[in-house]
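Have a look at the structure below, then the notes.
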Amino acid sequence: MEKIDAGFSIVITALNHNPTILNPDFLIRNEIVPSDWPLDNSKPILTTPAFSQLAFGVGISFQIDSDRIKISDSAPTGEIFPVPEIAAKFMETLPHVNYQALGINFDRALLFSDVESARLFQRQAYLKDGPWNMSGALSEFVAKFIYTLEDCQCNLSFGSPKKVKLDSSEDEPRPILVLSANFHRHFGKIGDLEQRIDAFKKAISNWESDKATFESITEKLTRGE
């Protein structure tokens, strides 16, 4: 079974954030993103007092509302994960925002030859026979695993098998099963804002440790296949 990274994001919750700051000039002027990144013209730029979003052609996108900042990478490849550096720079640029919590999120796609093979694997790996099967009437199910780790909570889930294009260059969608993980840390109790931002940045800089944990759990949940 082939496994590939299918998505990565960092979510930072904040009290009374200002979504109207989000625009390409702001991001480039403050060196949050490189000046040569083209905008993704297929996704409109939206800037309002309630919600703002924009996306770049390299797969990096931003979404901001009054209490959440989400920076996503739709197609992480190899060891190239620019989002952590972008998130840290974003916080450095706006140090007086009342940041609260951090979510580091991973999606890993398990690739199958067809949807039925994915569904069969899911059933054999996670579901025993029982009355919940309703005499074979159960067609799909989802699962969630919650792990309390040393410094965070890891919420891992998978949904139903589906067919999607993992890359815009692909001609046909591929049958996949997606495992998603959220590593959640809350720093709101740190009273000093500078110390709180330092705690955020330290956790962000250790994102590879979270990724290694996610990969280890993924191997166990997929029987190492």
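About the centre of its Cα atoms, the stretch 179-225 shows a dipole size close to 140 debye [charges on the beta carbon of Lys, Arg (+1) and Asp, Glu (-1) only; nearest 20 debye]. Rounded to the nearest 20 debye, the dipole magnitude of the stretch 102-225 is 360 debye, with +1 charges on Lys and Arg beta carbons, -1 on Asp and Glu beta carbons, and the Cα centre as origin. Rounded to the nearest Hz, the phi-derived 3J(HN,Hα) couplings of the stretch 175-192 under the Karplus curve 6.51 cos²θ - 1.76 cosθ + 1.60 (θ = phi - 60°) are x, 9, 10, 9, 9, 10, 10, 10, 9, 10, 9, 10, 10, x, 7, 6, x, 6, where x marks glycine and proline.
Accessible area per residue for the chain, computed on protein heavy atoms with a 1.4 Å probe, is 54 Å². Counting only Cα atoms, the chain measures 57, 42, 32 Å along its principal axes, largest extent leading. At an R0 of 30 angstrom, the distance between the Cβ atoms of MET1 and LYS202 translates into a FRET efficiency of 0.30. Taking all protein chains as they are arranged and a probe of 1.4 Å, the heavy atoms of VAL11 leave approximately 20 Å² accessible to solvent. Extending 7 Å from the Cα toward the beta-carbon at both LEU193 and GLN153 defines two label points whose distance is 2.7 nm. How much of the accessible area of the chain, probe 1.4 Å, is carbon plus sulfur, in whole percent? After summing per-atom areas, the C and S share lands at 50 percent. Available extension along the chain between LEU39 and LYS163 is 41.9 nm, counting 0.36 nm per residue and deducting the alpha carbon span.
Based on Cα contacts under 8 Å between residues 6+ apart, the chain shows a relative contact order of 22 percent.
Site pair SER66 and ASN30 shows an inter-label distance of 2.0 nm when each label is modelled 7 Å from Cα along Cα→Cβ.
Projecting label points 7 angstrom from Cα along Cα→Cβ for LEU15 and ASN133 puts them 5.2 nm apart.
Peptides 189-200, 174-185, ordered by how many other C-beta atoms sit within 10 Å of their residues on average, highest first, read 174-185, 189-200.
The values are calculated or read from the model by the stated rules, or taken from the named source; none is laboratory data. Bear in mind the structure is a predicted one, so any value in this text is a computation, not a measurement. Quick reminder, even Gly has a Cβ in these numbers, built from the backbone with ideal geometry, and neighbours come from all protein chains shown. These accessible areas exclude ligands, DNA and RNA; they are computed on the full protein's heavy atoms, side chains included. Shrake-Rupley method; radii C 1.70, N 1.55, O 1.52, S 1.80 Å.
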